[in-house]
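Here the structure comes first, spelled out in structure tokens, and everything after it is commentary.
The values are calculated or read from the model by the stated rules, or taken from the named source; none is laboratory data. Everything numeric in this text was worked out from a predicted model, so none of it was measured. Using ideal geometry, Cβ is built from the backbone for each residue, glycine included, and neighbour counts are taken over all protein chains shown.
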Amino acid sequence: MSWIVLIISGLFEAVWAVALGTSEGFTKVVPSIVFGVGLVISMVGLAYAMREISTGTAYAVWVGIGASLAVGYGMIFGGESVSILKIGLIMLLIGCVVGLKFVD
């Protein structure tokens with residue numbers, strides 16, 4: 001159960017990161033609210049998962065999921081550049097996150 005919660009928390013980490021970027025310094029109300037809600041859900045889920053998953057592994061997985069999704073979102077919707085190298089590096093990051101699950 002902790003791994004499922006951790007994965008969901010990683011998804012919400014990407015949500016709050018993207019919302020933070022679109023809030024324009026908390027001047028836009030809706031993205032600012034999405035940021036706050038996403039942050040709370042993400043942190044509560046991370047804290048719950050860390051009861052059974054070691055801190056280093058949980059944090060690395062949480063950040064890896066959030067970072068790869070945020071970059072993917074930026075490439076698809078945010079005008080961020082897309083390259084084979086960037087996609088390959090994100091795939092390596094995802095592979096490392098999956099690897100941590102099996103090593104833990």
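Can you tell which of Ile84, Ile76, Ile65 is of a type outside the set (Gly, Ala, Ser) and in contact with a helix residue (DSSP H, G or I) (Cβ under 9 Å, 6 or more places away or on another chain)? Going through Ile84, Ile76, Ile65 in turn, the sole match is Ile65.
With respect to the conditions (1) under 22 Å from Ile7 (Cα atoms); (2) buried (at least 16 other Cβ atoms within 10 Å of the Cβ), Ser32 lacks only one, and its number is (1). Taking first residues from region 1-28 that are under 28 Å from Glu52 (Cα atoms) and in contact (Cβ under 8 Å) with a residue 12 or more places away in the chain and partners that are β-branched (Val, Ile, Thr) and assigned to a helix (DSSP H, G or I), the Cβ contacts under 6 Å between residues at least 6 apart in sequence or on separate chains come to Leu6/Val61; Gly10/Ile65; Phe12/Ile41. Just give me the residues in region 24-42 being of a type in the set (Ser, Thr, Tyr) and part of a helix (DSSP H, G or I), in sequence order. Ser32, Ser42 - these are the residues of region 24-42 that are of a type in the set (Ser, Thr, Tyr) and part of a helix (DSSP H, G or I).
The set of residues in region 57-93 being touching a Lys or Arg at 6+ places or on another chain (Cβ under 9 Å), β-branched (Val, Ile, Thr) and either touching a residue at least 24 places away in the same chain (Cβ under 8 Å) or not in a helix (DSSP H, G or I) (or both) consists of Thr57, Val61.
The condition of being part of a helix (DSSP H, G or I), hydrophobic (A, V, I, L, M, F, W, C), surrounded by 14 or more Cβ atoms within 10 Å (Cβ to Cβ) and modelled with pLDDT under 95 does not hold for Leu46.
Please work out which residue is farthest from Ala17 (Cα to Cα), limiting yourself to region 49-104 and to residues that are hydroxyl-bearing (Ser, Thr, Tyr) and exposed (fewer than 14 other Cβ atoms within 10 Å of the Cβ). Looking at the filtered set, the residue picked out is Ser54.
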